[in-house]
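A.B. asks: Here it is: the structure, laid out below.
The values are calculated or read from the model by the stated rules, or taken from the named source; none is laboratory data. Since we're looking at a predicted model, the values are computed, not measured. Note that each Cβ is placed from the backbone with ideal geometry, even for glycine, and that neighbours are counted across all protein chains shown. With ligands, DNA and RNA removed, areas are computed over all heavy atoms of the protein, side chains included. Shrake-Rupley method; radii C 1.70, N 1.55, O 1.52, S 1.80 Å.
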Amino acid sequence: MIGSAIKLIGGVLISYYLGRALVRHLAAAFDPNVDDDNDDHHYGSNTRRQGESPSRSHLYGVADNNTTNKFYRPCNPRSTSSKASSFRSKVAESPTSKSTLRLAPPSSSSTSEGTEDKYFFVQKGKSPVYEIPENVDCLIRQNKVPPVLLRKPLSASTYIEFFAALLYAEDHYHKKWSDYKLFNVDLELKQAAVYDKNRSTDTTRNPKHDKTLASFVIDAVSEKRPLLLSRDFVIACPSNVPSSCTFQGLICHVERTSNIILVEFRQDFFSQHRPTSKYDVSFSFNRVCLKRCHQAIEVASTRSCLRGFIFPDSLSSTRTRMATSVSTHMFNHTLDKQQRVAVDQILSLQGPPSYLIEGELAVKTGTSRTITKQQLSRTGLTVKEAVAQLYRISVDHRILVCAHANRTCDVLVEHLKEDIMDGNMFRANAAFREIDGVPSEILSWSAYKGECFTYPPLQELQRFRVIVSTYMTSFRLHGQGIAKGHFSHIFLVDASDATEPEVMVAVANLVGEQTAVIVSGSKGGSPGYVRSDIARKYGLMTSYFERLKNCSNLYHGSSASSMFISLLDEDSAKGSIQRQVSWTKPRAGWVKLNVDGSKRFDPPSSAIGGVLRDSSGEWIVGFSNYVGQASVLEAELQALRDGLNLTWSLGFRKVEVNSDSQTVVHLLKAAEFHFHPLVTILDDCYSLINRDWDISLHHSLREANQVADALAKEGHGCDPGERLWRSPPMHIAMMVDQDKRGVQFVRR
């Protein structure tokens with residue numbers, strides 16, 4: 001009897017906690033004021049459950065009218081020029097607190113696009129909807145590229161239209177797959193711990209190990225189903241049951257190798273589920289982050305003071321340098337000369353243009369036999385030192401540190417708290433971020449009430465001297481009332497991993513005329529989670545960091561200087577010691593494949609190339625190809641795929657493969673790219689590598705990859721379609737001879 005009672009009580013408690021965790025995610029639903037902007041994923045969150053009681057509005061982060069702790073203020077879009085009229089957002093007022101799909105009422109501000117009925121989500125208060133204009137939607141529906149995406153180079157006059165079109169392409173992807181449905185699906189129950197690859201040794205801190213998830217298999221062919229990511233939503237309806245209720249769940253994990261989707265449902269699903277139950281399954285994408293990106297691009301294009309940050313070549317004068325007394329004392333005495341120079345430059349900044357730091361991503365993973373530890377890279381240590389120095393120099397400095405991922409923000413806070421006093425730094429979190437996912441060491445630097453992360457009142461928030469946030473969550477600072485220009489310094493960390501509109505969420509809403517902006521990124525880095533082919537191919541995969549570095553004369557070429565950019569390359573970590581680099585011949589009986597991608601920005605063009613040589617260094621075959629406007633990473637991957645296909649077709653089965661892209665080598669060796677936007681081509685390369693042959697894949701320094709680089713550049717002049725080189729072109733023959741003779745090149 002007692003045992004039965006204990007089981008009953010345990011079941012009730014498990015149901016309560018599982019339900020509460022999922023309610024918090026579903027709560028973010030369609031409420032624009034408390035968007036669930038957990039930033040380790042993509043553009044999106046979810047919808048509030050139909051019929052949710054208004055009396056539970058506190059769960060959704062909606063403050064009552066008589067309270068001061070409101071999460072967000074609705075943001076009205078600024079007016080734009082007549083040129084961009086077709087890309088303007090539509091604003092609607094909702095008479096209710098719930099989000100529903102409604103027929104748009106007539107509006108005096110609507111453009112002359114005919115009288116066709118338009119549907120969009122109506123939300124509480126005034127909120128930009130950013131509905132896809134009919135003319136743009138029609139083009140994308142026909143797989144045609146909006147003309148603005150073909151206008152090069154990008155300029156201030158086309159900025160809003162260009163990025164609005166890319167974001168609309170992402171939105172169209174959501175629409176395209178909104179009717180996708182799977183029928184008679186078996187949902188098998190699994191334990192979450194089985195699929196948790198990052199399980200720590202402290203299993204008591206993460207209750208996810210005790211959760212039961214539903215799993216099902218989705219089509220392995222990516223073109224036949226939507227690209228699903230963690231934090232997308234699943235709607236399950238019992239099959240062949242008239243008037244049955246639906247159950248909405250949250251995708252927790254996508255298992256790439258087996259195409260298994262793991263979903264977290266509320267307890268009401270599990271209470272009715274039987275092993276023989278079958279369901280009709282559909283999917284829901286959210287638009288929270290897309291709307292914030294639209295708003296940021298719109299605001300950025302209308303603020304003239306941001307011109308120098310977005311288009312630095314438009315500046316009529318050089319950077320202003322503050323008369324700052326900089327001490328030579330460093331908190332971290334191990335910083336090398338390049339890092340110290342970068343810190344010194346940052347301390348003297350004021351106003352545009354942005355200062356770039358090119359190096360590794362800020363956080364790297366160190367491993368031992370028992371633990372995995374997140375450490376700061378040379379870039380991260382430089383950022384930490386600069387923030388600590390700014391904090392020390394003046395009590396008037398207000399510093400915002402933004403990064404793409406929560407993990408990076410958490411690690412930065414863990415290290416910054418060594419130099420910053422309690423009460424002077426605040427870790428800003430998304431309202432519905434899982435508290436269990438936040439390291440216990442930094443919870444005290446955050447604010448939360450119950451299951452929700454909150455923000456202190458505006459006056460208290462303004463007193464914090466350092467605030468750390470993701471790009472998307474920085475919108476909450478703007479919503480809390482933090483004014484543009486409040487921050488003296490804004491660090492945009494790992495900006496190479498975010499799309500430009502994501503980075504603009506912080507820049508457009510918080511940068512002032514005198515704000516110093518520091519942007520870090522890695523060479524060859526690429527934003528993730530871009531679903532639309534058009535958006536991926538025509539600009540959304542080019543980060544703000546990459547665009548500035550490659551398109552502005554301040555950051556490359558003869559005019560580049562340490563006043564505008566710092567290069568924290570790998571070799572400088574060794575004190576700029578000279579290294580001798582040369583191409584090496586493959587083993588006897590083997591062949592070596594070198595591949596490379598090439599990208600030009602004016603006019604935009606991408607190309608690939610590669611070369612196959614034997615163990616004597618003799619030329620077997622080379623190839624070049626023009627691949628349109630692919631990103632740097634996409635070009636590198638296409639070069640690898642084409643090179644592997646060519647090598648296989650020629651009958652070689654012992655192959656050494658060299659690419660000068662560390663990202664490519666890492667992605668394929670780790671085999672963890674199921675969330676990556678280039679998952680299709682990564683899958684192709686992975687499958688080729690795992691064919692029945694002896695093959696090794698290695699990273700090569702660019703000096704040892706000069707022939708492949710030259711062939712890739714040849715591809716810019718090719719018509720679409722691979723060109724094979726049975727012998728090396730005349731200007732490349734010398735490089736082939738140098739490689740054959742083992743000529744060494746100095747790399748500093």
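For (1) more than 24 Å from VAL621 (Cα to Cα); (2) of a type in the set (Gly, Ala, Ser), each residue gets a yes or a no:
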{"position": "SER649", "(1), (2)": "no, yes"}
{"position": "ASN658", "(1), (2)": "no, no"}
{"position": "LEU678", "(1), (2)": "yes, no"}
{"position": "ASP684", "(1), (2)": "no, no"}
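A.B. asks: Given the structure, is ALA403 at pLDDT below 90, closer than 24 Å to GLY380 by Cα and buried (at least 19 other Cβ atoms within 10 Å of the Cβ)?
C.D. replies: For ALA403, the condition - at pLDDT below 90, closer than 24 Å to GLY380 by Cα and buried (at least 19 other Cβ atoms within 10 Å of the Cβ) - is not met.
A.B. asks: Right, next: Residue check, ASP719 against (1) assigned to a loop (DSSP other than H, G, I, E, B); (2) farther than 27 Å from LYS537 by Cβ, all met but one. Which one?
C.D. replies: (2)
A.B. asks: Of all residues in segment 264-318, which are touching a Ser or Thr at 6+ places or on another chain (Cβ under 7 Å), in a helix (DSSP H, G or I) and open to solvent by less than 20 Å² (accessible area, probe 1.4 Å)?
C.D. replies: Residues satisfying the conditions are VAL288, HIS294, GLU298, GLY308, PHE309, PRO312.
A.B. asks: Can you pull out every residue in segment 688-740 that is crowded, with 19+ Cβ neighbours inside 10 Å, of a type in the set (D, E, K, R) and within 23 Å of LYS599 (Cβ to Cβ)?
C.D. replies: The answer is ASP709, GLU714.
A.B. asks: Between a first residue in segment 401-413 that is acidic (Asp, Glu) and a second residue that is surrounded by fewer than 22 Cβ atoms within 10 Å (Cβ to Cβ), which pairs have beta carbons less than 7 Å apart while being 6 or more apart in sequence or on different chains?
C.D. replies: ASP410/VAL438; ASP410/PRO439; ASP410/ILE442
A.B. asks: Please determine, by comparing only the residues of segment 614-635 that are aliphatic (A, V, I, L, M), in contact with a strand residue (DSSP E or B) (Cβ under 6 Å, 6 or more places away or on another chain) and open to solvent by less than 40 Å² (accessible area, probe 1.4 Å), which one is modelled with the lowest pLDDT.
C.D. replies: For segment 614-635, the residue satisfying everything is ALA630.
A.B. asks: Could you run through segment 236-286 and say how many residues are aliphatic (A, V, I, L, M), out of contact with any Lys or Arg (no Cβ under 9 Å at 6 or more places or on another chain) and modelled with pLDDT under 90?
C.D. replies: So the count comes out to 4.
A.B. asks: Among the residues that make up segment 491-508, is at least one of them in a loop (DSSP other than H, G, I, E, B) and aromatic (Phe, Trp, Tyr)?
C.D. replies: So far as segment 491-508 goes, no, none of its residues is in a loop (DSSP other than H, G, I, E, B) and aromatic (Phe, Trp, Tyr).
A.B. asks: Further, regarding this structure: Only residues that are surrounded by 24 or more Cβ atoms within 10 Å (Cβ to Cβ) and either assigned to a loop (DSSP other than H, G, I, E, B) or of a type in the set (Asp, Glu) (or both): list them for segment 636-656, please.
C.D. replies: GLU636
A.B. asks: Of all residues in segment 569-613, which are at pLDDT below 85 and either touching a Pro at 6+ places or on another chain (Cβ under 9 Å) or among the hydrophobic types (A, V, I, L, M, F, W, C) (or both)?
C.D. replies: Matches in segment 569-613: ALA573, ILE577, VAL581, PHE601, ASP602, PRO603, PRO604.
A.B. asks: Those residues that are open to solvent by less than 10 Å² (accessible area, probe 1.4 Å) and over 26 Å from ASP171 (Cβ atoms), I need them from segment 224-246; list them, please.
C.D. replies: So the first thing to find is which residues in segment 224-246 are open to solvent by less than 10 Å² (accessible area, probe 1.4 Å), and the list is 226, 228-229, 232-234, 236.
Answer for segment 224-246, where residues must be open to solvent by less than 10 Å² (accessible area, probe 1.4 Å) and over 26 Å from ASP171 (Cβ atoms): there is none.
A.B. asks: In segment 455-471, what count of residues is obtained for those that are under 21 Å from GLU414 (Cβ atoms) and open to solvent by 20 Å² or more (accessible area, probe 1.4 Å)?
C.D. replies: 2
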